[in-house]
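The values are calculated or read from the model by the stated rules, or taken from the named source; none is laboratory data. Just so it is clear, the structure is predicted and the values come from calculations on it, not from any experiment. Using ideal geometry, Cβ is built from the backbone for each residue, glycine included, and neighbour counts are taken over all protein chains shown.
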Amino acid sequence: MDESTRRAYLEAMGVTVWVPRGSRGTDADTEETARAASSVPPATEPSPGTSTGPTSLPEDDAAAVTSFERSAATSDVASMDGETLRRTILGCTACGLCETRTQAVPGVGSLTADLLVIGEAPGQEEDRRGEPFVGRAGQLLDRMLAAIGLDRQTVYITNVLKCRPPNNRDPRADEVQACAAYLRRQIELIDPKVILSVGRISAQSLLETDETIGRLRERWHRFGPNGAPLRVTYHPAYLLRSPGQKRKSWGDLKAVRALLAD
C-alpha cells in the first residue's frame, strides 16, 4: 500500500499522521514499528493461552494452559476440515443460544490467513446476516485492517462465541466453553502468524483473566495450540463511542503489522 493511501485510511479512522516538512518517508512509524516488533517474545516452544510480558514466557508450561483450551479437546471437532467445521457450527445445539439465534456465525475470510481477528460474539446485525463485524463497527474494523494493508479476504475474522446472546448481553462462561472446541480447531486450521483479540470480553475469555483491557494492551501474549503471539486492542464499537482512543488502537495495529512483516 502506498503512503498516500495508508494516510487516507488513517484519517478515516480519525488518526492524524504528522509528516515533517520536506519528508516523504515514515521514519517515525518505522522506528516505532521496529521497537514494537522487538518486544515480541520468542516463538520457541510457546505456552498456549499464556499472558506474558514483553520479553518472556512462563517456565511452567503446564500451568499456563487455560481451561478454555483444555475444554476444547473434542475428538470429533479436532479432526474436521474447514467446511465440515463451518457446517457443524451452523447446526450447533451445544448451549441454549441455539434456541434464540437467527443463525450461527462461524467466521469469514481466508483459512490460510496470517492474521486471525477474534471478537466476542455476534450482535443483532451479525445474527441476521451470518457474518461477523458488520454495520458501523464492522466498517471501522475494515478501515483498521486497510490501514495495515489487509482486508476481509486476506485475514480470518471470528468470535469467541458463535451465536448471539439475547439482547447482546455478555457471554456466560458455559457458553464460551461450549464454543471453545470450535475456536481451537479454527486456530489449528488457520495456524495464524498473529492473533488480534478485539475487545475486553474477547481478551478476558481467551486469556482467562479479569485484568482490564488497558492492562492487557501494549504487550504480547501467547494463545492457541501453537502458542501464536496475541495482541489485544479495543473493540471498534468502543472506538465509535470513544474516538479519542483510536490512536491507542493504531499503536496496537502497528505492532501487529511489524510482526506480520517480520
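Every condition in (1) within 15 Å of the chain's Cα centre (by Cα); (2) free of Cβ contacts under 8 Å to residues at least 24 places away in the same chain holds for Gly199 except the one numbered (2).
Looking only at residues of the range 217-262 that are of a type in the set (Ser, Thr, Tyr) and free of Cβ contacts under 8 Å to residues at least 60 places away in the same chain, we find that the one that is surrounded by the fewest Cβ atoms within 10 Å (Cβ to Cβ) is Ser242. Checking the range 135-157 against the condition returns no match, with no residue being surrounded by fewer than 20 Cβ atoms within 10 Å (Cβ to Cβ), basic (Lys, Arg) and free of Cβ contacts under 8 Å to residues at least 40 places away in the same chain. A single member of Gly199, Gly227 is of a type outside the set (Val, Ile, Thr) and under 28 Å from Thr93 (Cα atoms), and it is Gly199.
Counting the residues of the range 99-122 that are touching a residue at least 60 places away in the same chain (Cβ under 8 Å) and under 15 Å from His235 (Cβ atoms) gives 5.
Which is in contact with a helix residue (DSSP H, G or I) (Cβ under 6 Å, 6 or more places away or on another chain) and in a loop (DSSP other than H, G, I, E, B), of Pro132, Pro171, Pro122? So the residue among Pro132, Pro171, Pro122 that is in contact with a helix residue (DSSP H, G or I) (Cβ under 6 Å, 6 or more places away or on another chain) and in a loop (DSSP other than H, G, I, E, B) is Pro132.
The condition (being farther than 23 Å from Gly149 by Cβ, in a helix (DSSP H, G or I), over 13 Å from the mean Cα position of the chain (by Cα) and at pLDDT 95 or above) is satisfied by just one residue among Cys179, Cys163: Cys179. In the range 218-254, the residue that is nearest to Arg143 (Cα to Cα) out of those that are at pLDDT 95 or above and among the aromatic types (Phe, Trp, Tyr) is Trp250.
Exactly one residue among Leu90, Leu97 is farther than 23 Å from Ala203 by Cβ and either of a type outside the set (A, V, I, L, M, F, W, C) or at pLDDT 95 or above (or both), and that residue is Leu90.
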